[in-house]
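Below is one structure; the comments refer to it alone.
The values are calculated or read from the model by the stated rules, or taken from the named source; none is laboratory data. What you see is a predicted model, and the numbers here were worked out from it, not measured in a lab. So basically every Cβ, Gly included, is an ideal-geometry build from the backbone, and we count neighbours across all protein chains shown. When the accessible area is computed, the model is the full protein with side chains, heavy atoms only, and any ligands, DNA or RNA have been set aside. Shrake-Rupley method; radii C 1.70, N 1.55, O 1.52, S 1.80 Å.
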Amino acid sequence: MPIHVALPLPRLEPLTYGLPDGMSVQRGCRVLVPLGTRVVTGTVVELDQASVPKMRNVLEVLDDEPTFSDEMLELTKRISEYYLSSWGEVLQTALPSGLSPSTVVHITLLREVADDDLATMEARAPKRARLLRELRGHVGEISVSYLQRKLKGASVADQLDALQRMGWISVEQSVEEQRTPRMVRAASVAPSLLLDDVALRAAFDLLDAKAPRQSLALGHIYLTGQSTGRPVPISRLSNELHVSPSVVDSLEKRGYIEISTTIRSSTDDEVGDLVSREESEVALTQEQSTAVATITALCDAQELKTVVLHGVTGSGKTIVYQRAIAHVIAQGGRALLLVPEIALTPQLADRFRTIFGDRVAVLHSRIAVGERLGLWKRIQNGDFPIVIGARSAVFAPLDKISLIIVDEEHEPSYKQDDPAPRYNGRDVAIMRGQINKCPVVLGSATPSLESLANVAAGRAGILRLTHRADGAMLPSIRVVDLRIERKAKRLKGALSMSAIDAIAERIERKEGSLVFLNRRGYAVHLQCEDCGDVPMCKNCDVALTYHKTSHVLRCHYCGFSEPMRSACTTCGSIDLREAGSGTQRIEEDLVQALTERMGHAPRVERMDADTTSRKGEHRKLLQRFARGDVDVLVGTQMIAKGLDIARVTLVVVVNADMSLHQNDFRASERTVQLLTQVAGRAGRTGAQPGEMIVQTSTPEHPALVAAINGERSPDVLRAWEGEEMRLRKEVDYPPFTRFIVIEVSSLEEAAVEDHVRVLAALIPARTDYLVRLDPVTPAVARIRNVFRRIIIIKNFKDKDPSGALCRSLLRNAFTSYHSTYASSAVKVTIDIDANGTL
């Protein structure tokens, strides 16, 4: 029987394969199929009746039951159509890594390569000689992608094929095994006790008298089993109850518990200690009650509707989520909650587990592959009715979804920039809501202009929370004009004396302070005082950032690093200036200034990508800060959103102008959102009022005025929104158009120039529903030695509401390009609804 298989390759429609006699498969199952000389993993998307001439057969069926439900197949197909990706690429993205076996290529050198051999080959085939030289000098396995980078430009496959035919190398392929979930030992109460209340009471009486630690463990196992229906991982008993393995062994010997193995969850060893109060007992405000009633009514009616929950910072949006989800779970439904940052998941997960226990699964990219796979399978099996996670959790295999919530919906991190599909998690959540016929709640204190435009057009509803919960007041905001402070010499590095004094006062009162600067590292770059030279990345057109902790200069695009220079490599001067500030320098300056101010060293820690790269570091750092073991937390945007820690009463924004002057049409909007969000971390309870200090050199800028006054004076914020909308419409920017970026890239700059001109010529400069701008060089012209050019297209939403006309035109243009002009040395990508052009 013929089947259609979607493969994870760009621009490839599902291919037709046959099933050998005796083999059967269902729609949504994964299969191994031959493709040329490779073996690849694909997904069966359709069963057919009509055979195809010279049809190749499926090699192996990987699943007994479908990996993808009909709902997920429909969702991934819609994503592929909207974002102009292949269906197979989207299906691969929807799977946790490790679930799809892939072909591994092994290259072996068959005989010794002499210098004379290389010299002879160099005269006839220089690129082949370079490849052979690379193979001669390499020990161990070597990947094709590594060789591709070394060869630069031409397809390495052609050169490998030639060397194989000449007898220099052998190329063998094998299919790697798919990962299996990690298993752990878990305990459950013995059935003999569960079925006999008298025996159960007798067991507890005996243990209470003779072995209280065993009684404690048995009680925990019993209560957890009653609430979740699942065994308790033994590692969790150790972490939460501090009981030794011998306690568990003794209970097993007594016959009170049974030990089994179960799929390990990333939450098994986590302790929910980032919750400051019992939120299930909190009385709702009138606005919260109205929001919960509206959302639950939509869930009960299975009404497809998008609702923007616009609540000021600290207004209790999370409690609204909790009550709405509790209603859904009580009705036997499922709920999906998306968050934009991994940093937000520890505290949010703890807040939900405090109420819902082990019925909550948390998905994000920092979970180890084996654990993520196990968690994914447990969700698919129905073990978790609630899933919380970052962008990719939108593909969680939940069935019967009754409610989808996207927290901080305005965040750009919901957009996947690379690889394809370049989807927006918020918009895919809305697609999933449409398929499941359930409401989608978009929560934010600063809704995106796109969402506000949808509300204005009637495509979304809106609920407002205009006051902080628990009697808390909005933080007071103090603006520090850096122009004045600089002239008066009242700066310690990048920090004003006003900010330093305010932080010192909080430390004396044992209150917490956050210091925000959205740039990691120590210095923006190094510069020679004599000749002006700035060390640049050898792979990218960007300056290297100085990291003082590791004493290296590092590229934040490709990861290249080199030791800190002691002298200029251009003129030899030793006068090198560390220009600009990153979080490392702010941390150092702050410790020095506070030590001088208070007479003792403060407890300052830093939260950025450098300090939280290891598993669990987010949680540990937040735990120390919440307990009061840390006085000041210096950080990037990780600390700007979602943190709800009662002891925080001060937030300092080191440089409010940083995001304001970026090369991005959304710069003003991003600044308003970021400052509003970071202000919301202070004064979360009525007992301790909060304050934010904003350091800026442009306090009169409309975006800063809106951010500083917006939550207190909504009219100021609405006036800024209206003006920003007017400017966007005047120049054809979102939310009035779809912003589409086509990128052409290659290791050869001349090839990029040629191909981008060809591709631009295939797309009309203007139609009724789009305008195509001339090719331009992006702000960073070269990344990882790949040269880049971009074409920007603006698709008018009023003329092409669904974007179907624009996508059809682009498909035709891409088909013409790939059939006539495409080269393996040039890569072309397309980003629908792009975040920007960097």
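The phi torsions of the range 352-362, fed into the Karplus equation with coefficients 6.51, -1.76 and 1.60 and a -60° offset, translate into couplings of 7, 5, 4, 9, 9, x, 7, 8, 10, 10, 10 Hz, rounded to whole numbers, with Gly and Pro shown as x. Take every DSSP beta bridge whose two residues both sit in the chain; close to 60 percent of them are antiparallel.
Between residue 201 and residue 549, full extension at 0.36 nm per residue minus the direct alpha carbon distance yields a gain of 119.4 nm.
Annotation: extensible slack from residue 815 through residue 529 equals 97.7 nm (criterion: 0.36 nm per residue apart, minus Cα-Cα distance).
With protein chains left intact and a 1.4 Å probe, residues in the chain average 43 Å² of accessible area per residue.
Give the lysines reachable from residue 794 as a straight Cα distance under 29 Å; neighbours fewer than 8 places away on the same chain don't count. Cross-link targets: 77, 305, 415, 729, 827. When the alpha carbon gyration tensor of the range 509-572 is reduced to an equivalent ellipsoid, the three semi-axes, largest first, read 28, 14, 11 Å.
With a simple spin-label model that places each label point 7 Å from the Cα along the Cα-to-Cβ direction, the separation between residue 47 and residue 713 comes to 6.7 nm. Annotation: amide H of residue 748 within the under-5 Å range of 787, sequence separation 5 or more or interchain, hydrogens built in the peptide plane.
Charge dipole (Cα centre; +1 on Lys/Arg Cβ, -1 on Asp/Glu Cβ; no other charges) of the chain amounts to roughly 520 debye. If you model the range 400-538 as an ellipsoid using its alpha carbon gyration tensor, with each semi-axis the square root of five times an eigenvalue, the axes come out at 41, 27, 14 Å, biggest first. Per-atom-type breakdown for the chain gives carbon and sulfur 49% of the accessible area (1.4 Å probe, protein chains only). Counting only aspartates and glutamates at least 8 places from residue 253 when in the same chain, those with an alpha carbon closer than 19 Å to its own are 196, 205, 208. Applying 1/(1 + (r/R0)^6) with r as the Cβ-Cβ distance of residue 665 and residue 64 and R0 = 51 angstrom yields a FRET efficiency of 0.50.
In this structure, the amide hydrogen of residue 634, modeled 1.01 Å from its nitrogen in the peptide plane, lies closer than 5 angstrom to those of 515, 605, 606, 607, counting only residues at least 5 positions away or on a different chain. Residue by residue, the range 445-460 carries 3J(HN,Hα) couplings of 7, 9, x, 5, 5, 5, 5, 5, 5, 5, 5, 4, 8, x, 7, 8 Hz when phi is fed to the Karplus relation 6.51 cos²θ - 1.76 cosθ + 1.60 (θ = phi - 60°); x denotes Gly or Pro.
In straight-distance terms, cross-link reach from residue 641 covers every one of the aspartates and glutamates whose alpha-carbon lies under 14 Å from its own, apart from those fewer than eight places away in the same chain; here that gives 341, 407, 408, 409, 411, 608. If you plug the beta carbon distance of residue 112 and residue 575 into 1/(1 + (r/R0)^6) with R0 = 45 Å, you get a FRET efficiency near 0.30. Shown in residue order for the range 301-315 are the 3J(HN,Hα) couplings computed by the Karplus curve 6.51 cos²θ - 1.76 cosθ + 1.60 at θ = phi - 60°: 7, 6, 9, 6, 7, 9, 10, 8, 9, 9, x, 4, 4, x, 7 Hz (x for Gly and Pro). Round to a whole angstrom and tell me the spacing of the C-alpha centers of the range 1-72 and the range 595-640. Measuring centre to centre over Cα atoms gives 50 Å. Note on the range 554-684: the alpha carbon radius of gyration divided by the globular reference 2.2 N^0.38 Å gives 1.25. Seen from every direction in turn and averaged, the convex hull around the alpha carbons of the range 712-838 projects onto 9.4 nm².
On the basis of the beta-carbon distance and an R0 of 56 Å, residue 596 and residue 290 show a calculated FRET efficiency of 0.60. Projected onto planes of every orientation and averaged, the convex hull of the alpha-carbon atoms in the chain covers 43.1 nm².
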